[in-house]
Amino acid sequence: MSGEVIVFTIISAMVLFGALGVVSTKNVGHATLYLLITLGSVAGIFILLLAEFLALVQILIYGGAITIVLLFALMLTRVDEFSSIKDAVQRPVAIVVSVLLLGVIITPFLQETLGGQSLTESNLRTLGHELFTKWLIPFEVASLVLLVALIGAIVVGRDD
Amino acid sequence: MKVIVQLTLVSSAIVAAFIALLFSGQNDIFLKALGASTLFGFLSVVVLAMIWYERKLLARIQMRIGPMRVGPFGILQTIADAIKLVTKEDLIPSETDKTLYWLAPIVVFVPSFVVWTVIPFTPSLVIQEMELGLLFVLACSTLSIVGLIMAGWSSANKYSVLGALRSTAQLISYEIPIIVTALTIAMLADSLNLIEIVKAQSSVAYVLFQPLGLALFFIAALAELGRTPFDIYHAESELVGGPFVEYSGAHWSIFYLAEYFNTFLFATLVSLLFLGGWLGPWLPGIIWLFIKIFIVISIIFWIRGTYPRLRIDQLMEVGWKGLVPLSFANFVLTAVFIYYSWSLWILGFIGIASILLIMFTYKKRKISQPPEIILISSSEVRRV
């Protein structure tokens, strides 16, 4: 077993551990921190795929921003009101949705033959160039969506 | 009690080794682990020296003489303090969320150590040279915020929750000017590799092209470190001790250690990004780097001895109305200058002029009134 496989196994185990933690814990604060483990470990998988930039952005955005905003919101609300989540009513629906999602995710793996492609070092310069020439319109649309969300949040949050 | 200290050391060594493993071939992993351990020892000594120096400098600013009893000029005072902290009884309040309470110091400390694996002291003296080094440093340093929230939230203490809220708001806000200014430098150097950034300054240090950038980065770094005048989240007179109120002994000392690691880190970053790092005439490179770091750290301590603390709303105002727009303006202006390859010296003059202008208008400004605070009882909050 090569080193990469060992590291991949460890990281995948961490991803699964975090993901199971998120859905099994009843404390919302803990769930957020489990989510952080999952998101951070996904960054590890990106590193294994030689996508360093993606990994660091994953840590910066998901670890450094999204998790923190979630925790921030949790602290501002009264945690004892949500400390145990009761979701038994939704459970059958959740199972159906999860199975459907699993099917969607697995389908491409059944059709494509995996492996065989050699990994090349991703270049930040190439990435930036592609992003601002070939994928410019999707990129700008994504920025616009974020801007709209930002303005919406301000409008909702304003008193007057 | 001492377990947590050992646990932290071991875990950070493992994480550092793990990162070194991921970023390199697997052949020199032991060498890198050794390097990481040496670095840890070195940084601990630096922190001891820094604490002593800070106390001495503050004492001199306030016309005192500072610690004198333990060792010549009180040099051993910090070591005595460290021994005291580690052997102190470790109290854990009964209402705490135990796991998070124990994990929080580690979550704060590990990122603050791991970033050092990519910081170069000279072109060859670096544990892992990384193409995206600057981004790595910035990404890792954001992770400490999670630790602060964990500490504040798990302590089951109103002061610590308030401290955690304030620290989050402060650190997230001031992250933006830091990242944008670092991006400006990366744009000038055409690289995110810290070694390349220093090499790009071989003719002129970037402080001359980016005086405004340096000012913004330095102020935002002070806030990011939670140092005076931005030490709002552990303001002793208002919040007792912020997120760390309930911590004592070895737990508390780890937060303290991480804080000084970060202070040293930002001083090093300022030296590398703006002051030309190890470049300088006559003396060997590493000595130049340490001279520059020493000067930056002295200024940080000097500011601590000089300025009063800001209020939380003033802090937000400075961040969002001052530093964020200015850093974006600086970024766009630099991009325009690079695109049309205009002389960067003009950029330097514009930077100095804008700093002077800002200082002048700031002096003339109307002092903002503190916001009216309305206390709402918790029952009313729930009804709303």
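The values are calculated or read from the model by the stated rules, or taken from the named source; none is laboratory data. Nothing here was measured: the structure is a model prediction, and the numbers come from that model. Cβ atoms come from the backbone with ideal geometry, glycine included; neighbour counts cover every protein chain shown.
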Can you go through B:ILE176, B:ILE172 and tell me which one is part of a helix (DSSP H, G or I), within 14 Å of another protein chain (Cβ to nearest Cβ), in contact (Cβ under 8 Å) with a residue 40 or more places away in the chain and closer than 27 Å to A:GLY63 by Cα? B:ILE176
Go through region B:240-269 residue by residue and tally those that are surrounded by fewer than 20 Cβ atoms within 10 Å (Cβ to Cβ) and farther than 30 Å from B:THR122 by Cα. 5
Given the structure, is B:ILE65 more than 26 Å from B:LEU148 (Cβ to Cβ) and assigned to a helix (DSSP H, G or I)? no
Checklist (1) farther than 24 Å from B:PHE209 by Cα; (2) at pLDDT 85 or above; (3) under 14 Å from the mean Cα position of the chain (by Cα) applied to B:SER144, failing item: (2)
Across region B:263-288, what is the total count of residues that are of a type outside the set (A, V, I, L, M, F, W, C) and either modelled with pLDDT under 90 or not in a helix (DSSP H, G or I) (or both)? 6
Here the residues within region B:93-131 that are outside any helix (DSSP H, G or I), at pLDDT below 85 and aliphatic (A, V, I, L, M) are B:LEU125, B:VAL126, B:ILE127, B:MET130
Looking at B:ALA139, B:ALA104, which one is free of Cβ contacts under 8 Å to residues at least 24 places away in the same chain and among the aliphatic types (A, V, I, L, M)? B:ALA139
Say whether the condition of being over 18 Å from B:ILE293 (Cα atoms) and among the β-branched types (Val, Ile, Thr) is met by at least one residue in region B:215-223. no
Between A:LEU20, A:LEU54, which is touching a residue at least 60 places away in the same chain (Cβ under 8 Å) and more than 9 Å from chain B (Cβ to nearest Cβ)? A:LEU54
Considering residues of region A:55-92 that are surrounded by fewer than 10 Cβ atoms within 10 Å (Cβ to Cβ) and in a helix (DSSP H, G or I) only, the residue modelled with the highest pLDDT: A:PRO92
For residues that are within 9 Å of another protein chain (Cβ to nearest Cβ) and modelled with pLDDT under 85, scanning just region A:23-43, find the one that is nearest to A:PHE8 (Cα to Cα). A:HIS30
Go through region B:110-166 residue by residue and tally those that are among the aromatic types (Phe, Trp, Tyr), more than 8 Å from every other protein chain (Cβ to nearest Cβ) and under 17 Å from A:GLY63 (Cβ atoms). 1
Can you find a residue in region B:324-341 that is surrounded by fewer than 17 Cβ atoms within 10 Å (Cβ to Cβ) and not in a helix (DSSP H, G or I)? yes
